[in-house]
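Q: Let me give you the structure first, and then I'll get to my questions.
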Amino acid sequence: MESGFYGSSLDGNLKCKFEESGLANTHEIMEKAVRWFRSRSIFVVAYGTGCGAIEMPPTFTSRYDAERMGVVGVATPRQADLIILSGYLAYKTLRRVIRTYEQMQKPRYIMTLGSCPINGGMYWDSYNTIKKLDDYLPIDVSVTGCMPRPEAVIDGFVLLQERIRNGEKAGWEKYDENFEFYKENQKRVLGGHIDPSYETDWYNLKSGGKA
Amino acid sequence: MAIDVKGVLSPLSAIGTLFEHPRTLTYPEVKKDIPIGYRGFHINNLETCVGCASCEEICMNDAIDMIHPDREYNVKNTSGCIPRIDYGRCCWCSLCTDVCPPGSLKLDNICTHADCDPDNFLYMPKNHKNIGEEAS
Amino acid sequence: MDLASKLEKLSLELVQKQDYLYSVTIDFERLESLLLSFLNEFGYITLDSINCRDDLEDGFFTITYCLQTEERDHVVMIQTKIQRENASLPTMHTIWPQAEIMEREMHEMFGVDFPGHPTLIDFALEYWDNMPPLRRDFDTLEYVNSMNPFREQRNDALDAKEEMKKKREAKKAAKLKAQQEAEAKAALEAQNNPSDEVKNEE
Amino acid sequence: MKNDLKNTIKIFHGPQHPGITGNMSVELDLLGETIKRAQTHVGYLHRGFEKLVERRTVVQAFTIVCRICVPEPDPNEENFARAVENLAGLEISEKAKYIRTMVLEMQRLATMFLWMGGQAGSIGLGLIPQWSVCDRDYMLDLFEELTGGRVYHMYAFPGGVRRDLPEGFLDKLSDLLDYYEKRIIVYNNTFFDNVIFKKRAIGVGVVNRDEVLKNGYVGQTMRACGIQKDVRKDMPYLMYDKLDFDIPIQQDGDVYARAIVRRDEMLQSIRILRQIIKQMPKEGDILQKIPKHRKFKLPADDTYVQTESARGAMSYYMAGDGSEKIRRMQVRGPSLVHAYTLLEKLLVDSELADVAMTMNSLGICPPEIER
């Protein structure tokens, strides 16, 4: 899959047009500009999934003020670019997180806070949390700490912005490429109970969909 | 209905804060001083580490592995091993530093690490003698 | 204390555990009537918590009801034992509304049944099909290993005790070897110039 | 019941929602803007603490308990430490007691500032969270210095505390309290007296006074109904019987009354801290000598301890069995009853816009409901 930033078809058309008119470089410059703007306007969906959510208010309010870097909180996943998974995920939360992530528009990114999503963390022997988040969802940036200080969270933002600016391969592209792999893992650990299932035909629901 | 005059006017006093000094820390440029006792990342003085694995034993998160260092630092090291910490497990409770018999394992006040690959969180404690001091 | 004499009439003993903590132990048959008399006669109107302890070795659950008076200046624990197999308790939700949620939790975590309880549905777990997780015979680490893989980069970890043993043995061997070498050397030297030895002896 | 729910629309308030106090959800059946039925769902944060504690030794388990309630970890640490001390028969020194009391009161202030941000944010006063979260951060800076942790302190250890006071700490605390006293006047002007807050909050979420004691509502929910009860006064622990403070009450039982009670409690906390600064002993042990972690055994006995957290009484039941591990630890926080028995009832026939405000004012903290 092409890593085009305007969506694949439009991207190809634009490129052709630029090349026809002898402006091959313009396309690159445009893409760079788009990347820069994208890196400076990251909208974060307001979903505190774990302990790390307690460091979100200081990060987003006046003391550390992530807004000066263009990182702003929004209410719904439809408007968001980034979801911060702030800590351990219980199986019940993972179902909601997968749904929230799939509702987000591309390009979308995932940042994890704390040790728990990396290798289980404090709850490594707990029966209700997942241990390796990158089996189920593609992670762009992991920040360690229990919990990470606002400084560490901002470091995570800086790293994410750098990656966007350099046009490195983002998590959502991996998710599209290895969709079967991620779905298989999700089904294995969630026992097939992903409600509503990803294949749900929303326009021809036969039995009442369970929300 | 009576109008609550005080309730309407008193919130306007917030305008006065326009003239106060801003409290924001512009972090990546200006860094806050983190006190020395802060429980940040691990440092280990390899010249005094005796490889006793007390830290491995007390860690309830099973975060510490004993591995061979690249060369021998301390001839008195009983097992020839030094601790390596999995930052996908650690909770910075500092029990490992409390039980360390020679006091070689300590917690630094550096505490930020972000990486794009979740496999990169096995942390080798830096070989520092004291907090904030480079080893020779 | 006033309560102690009242309980003595019911042939029960009030034990003081801490400064503000008392406990009463009672058999299961009289539990419901005792709770009612605590509420209606002794003035213990608040149900603070219900909890369950799994005594696996003896085969029963210890149930503790913590009650407080209107003054809230001390806590009385009413403890009873029920059989672990097919455990069942009378529901208290008609008397104390908050018991509904506490009993729902206990049903999920220990598998205790409450006949007549209106909402014995999922509390914290979802699609759980294993044994109730807070029972002591549920091994959480085994369950985790069957569900989730951990990271594999840590396979190079060594057992420090083994390494210590190995190093000690290596040291011993080295020492022995050094000793033998020294002896051999000494013997060799003694062979080569025996006159030195004679000189030393002198 | 079925008939009432005719023509209603069902929406989920949470878990992904900016107005929720944590990772939980409330299922609402709406008729227009009016709520006809509310049902709480938790479990998004269940980690099985009570199981994990059984697998660890006492020394290891103490680091995990502060994670039970994220906004205020210290009452959990205090409860755990006191329960272990009760079981093992440890006595702690006067200085350790003073330090622990101080940490609890500091935590109470920090939690109240965070609550203020949430309460103001839930009715759209965007300025107050910007200020109050920043003010809370100054307290966290002091915690960093004292305990080495910003949010999770892991400081109150069975047998005392883990570190001594750093040099000049009490002076810094005293300066911060001066600053807080000035700030509370500012918050009075901009938030508590604000006509917007009054219009929204007065008469909303009224708790029935007759239910309070029987249903086990605690904390500000109880005190805003005119019931003057506080664990610090009724069953004094640590140094609270030697400190002079009042229990503020209000009579109305609505959201506004709870807010005023919280504000008065902040002032009382400052008063307590000032006394502690004056009375703090200069010398003294801070940590009792305890056995090594594999040899620290608890007798086969059980105990029940209560601590007044910033949202109400928090209780721990703990039982040992003669081994180095804990047989059973049960946590009963204030949120369990508030989120189910109380909230489900309060929301019926209220407006959708008031849900976030009511939840905030009850001080519901999801990680503590399900552990």
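Laboratory data are not the source of any read-out in this text; all were calculated from the coordinates shown. Not measured: the values here are computed from a predicted model. Positions of Cβ are generated from backbone atoms using ideal geometry, with glycine treated the same way; all protein chains shown enter the neighbour counts.
Q: What number does the range D:44-126 give for Rg over Rh if you use C-alpha atoms and the Kirkwood radius?
A: Rg/Rh for the range D:44-126 comes to 1.08.
Q: Can I ask one more? Give the distance, in whole Å, between the Cα centre of the range B:17-56 and the Cα centre of the range A:105-155.
A: A separation of 21 Å, based on Cα centres.
Q: Could you give the angle, 0 to 90 degrees to the nearest 10, between helix C:99-110's Cα long axis and the longest principal axis of the Cα atoms of chain C?
A: Orientation of helix C:99-110: about 40 degrees from the principal axis.
Q: Using Cα springs under 10 Å in a Gaussian network model of chain B, which residue among B:104, B:13, B:94 shows the largest mean-square fluctuation?
A: Most flexible of the set in this elastic network: B:13.
Q: Just flag the GluC sites (Glu not before Pro) in the range D:20-82 sitting in loop per DSSP whose Cβ has no more than 15 other Cβ atoms within 10 Å. Numbers along the way, then the final one.
A: Working: sites: D:27, D:33, D:50, D:54, D:77, D:78; in loops: D:33.
Answer by residue number: D:33.
Q: Now, a different point. Given contacts defined as C-alpha pairs under 8 Å and at least six residues apart, what's the relative contact order of chain B, whole-number percent?
A: Averaging sequence separation for qualifying contacts and normalising by length gives 30 percent for chain B.
Q: Checking the cross-link filter: which aspartates and glutamates have an alpha carbon closer than 19 Å to that of residue D:36, excluding same-chain neighbours under 8 positions apart?
A: Those aspartates and glutamates meeting the cut-off are D:4, D:27, D:344, D:349, D:351, D:354.
Q: Rounded, prolate or oblate, given the Cα gyration tensor of the range D:9-370, with a/c below 1.5 counting as rounded?
A: Because a/c hits 1.5 or more and a/b fails to exceed b/c, the range D:9-370 counts as oblate.
Q: Could you list, in their original order, any pairs among D:182/D:242; C:161/D:289; A:132/D:51; B:32/B:129; C:175/D:292 whose Cα atoms are separated by more than 31 Å?
A: Violating the 31 Å Cα-Cα cut-off are C:175/D:292.
Q: What do the square roots of 5 times the Cα gyration tensor eigenvalues come to for the protein assembly as shown, in whole Å, largest first, as semi-axes of the equivalent ellipsoid?
A: 46, 40, 30
Q: So how strong a dipole does the range C:1-82 carry about its Cα centre when Lys and Arg Cβ are +1 and Asp and Glu Cβ are -1, to the nearest 20 debye?
A: About 80 debye.
Q: So, one more: Trypsin sites (Lys or Arg not before Pro) within the range D:244-298: which are DSSP loop residues with at most 14 other Cβ atoms inside 10 Å?
A: Those satisfying the criteria are D:282, D:289, D:292, D:294, D:295.
Q: Let me ask something else. Mean 1/r over all different Cα pairs, inverted: what Kirkwood radius does chain C give, in Å?
A: When all Cα pairs of chain C are included, the Kirkwood radius is 23.0 Å.
Q: Normalised by the residues of chain D, what does the relative contact order come to in percent, with Cα pairs under 8 Å and at least six apart?
A: 27
Q: Any idea what the dipole of the protein assembly as shown comes to, in debye rounded to 20, about its Cα centre with Lys/Arg Cβ at +1 and Asp/Glu Cβ at -1?
A: Using Cβ point charges on Lys, Arg, Asp and Glu, the protein assembly as shown gives about 960 debye.
Q: Then there's this: At a 10 Å Cβ-Cβ cut-off, how would you order D:17, D:153, fewest neighbours first?
A: D:17, D:153
Q: While we're here: How large is the helix-only mean residue ellipticity at 222 nm for the protein assembly as shown, computed as the sum of -39500 (n - 2.57) over DSSP H runs with n ≥ 4, divided by its residue count, in deg cm²/dmol to the nearest 500?
A: Working: 32 runs with 348 residues, N = 920.
Dividing the helical sum by the residues of the protein assembly as shown leaves -11500 deg cm²/dmol.
Q: Per-residue Cβ counts within 10 Å, from other chains only, averaged over A:39-49: what number is that?
A: 3
Q: If you don't mind, another one. Scan chain B and hand back the longest stretch that contains none of the GluC sites (Glu not before Pro) lying in DSSP loops with at most 11 other Cβ atoms within 10 Å. Provide the component values of the computation, followed by the final result.
A: Working: sites that count: B:20, B:29, B:72, B:133, B:134.
After excluding every exposed loop site, the longest remaining stretch is B:73-132.
Q: Could you tell me how far the Cα centroid of the range D:215-253 sits from the Cα centroid of the range D:90-154, in Å?
A: After rounding, the separation between the Cα centres reads 19 Å.
Q: If the cut-off is a Cα-Cα distance under 17 Å, which lysines reach residue B:6, setting aside same-chain residues fewer than 8 apart in sequence?
A: D:198, D:199
Q: Of the residues B:44, B:120, B:74, which exhibits the maximal mean-square fluctuation in a Gaussian network model of chain B defined by a 10 Å Cα contact cut-off?
A: Maximum among the listed residues: B:120.
Q: Would you list which lysines come within 25 Å of residue A:32, measuring only between C-alpha atoms, while excluding same-chain residues fewer than 8 positions from it?
A: Reachable lysines: A:15, A:17, A:106, A:169, A:174.
Q: Further question: Placing +1 at every Lys and Arg Cβ and -1 at every Asp and Glu Cβ, with all other atoms neutral, what dipole size does chain C have around its Cα centre, in debye to the nearest 20?
A: That gives a dipole near 680 debye.
Q: Pick from B:16, B:40, B:80: which residue has the top mean-square fluctuation in a GNM of chain B where Cα pairs under 10 Å get a spring?
A: B:16
Q: How would the range D:143-266 be classified by its alpha-carbon gyration tensor: rounded, prolate or oblate, with rounded meaning a/c under 1.5 and the a/b versus b/c comparison settling the rest?
A: Cα axes put the range D:143-266 in the oblate bin.
Q: Just for the Cα atoms in the range A:42-190, what are the lengths along the principal axes, largest first, rounded to whole Å?
A: Dimensions of the range A:42-190 along the principal axes of its Cα atoms: 42, 32, 26 Å.
Q: Can you tell me the relative contact order of the range C:68-180? Whole percent, Cα pairs under 8 Å, sequence separation 6 or more. Can you show the working numbers first?
A: On the way: 62 pairs, mean separation 17.6, N = 113.
Dividing the mean separation by the residue count of the range C:68-180 yields 16 percent.
Q: Where the centroid of each part is defined by its Cα atoms, how far is the range C:81-128 from the range D:167-204 in Å?
A: So the two Cα centres are separated by 43 Å.
Q: Kindly provide the GluC sites (Glu not before Pro) of the range C:1-47 that DSSP labels as loop, not H, G, I, E or B, and whose Cβ sees at most 16 other Cβ atoms within 10 Å.
A: C:13, C:41
Q: Another question about this same structure. Mind checking the alpha-carbon convex hull of chain B and giving the volume per residue in Å³?
A: 213
Q: Ranking C:54, C:113 by Cβ neighbours within 10 Å, fewest first, what do you get?
A: Working: C:54 21, C:113 15.
If I rank by nearby Cβ atoms, fewest first, I get C:113, C:54.
Q: Quick check on the exposure proxy: order B:99, D:103, D:65 from fewest to most C-beta atoms within 10 angstrom.
A: So the ranking, lowest neighbour count to highest, is B:99, D:103, D:65.
Q: Would you list the P(r) distribution for the range D:330-371, with all Cα-Cα distances sorted into 10 Å bins from 0 and each bin expressed as a whole %?
A: 30, 52, 17, 2
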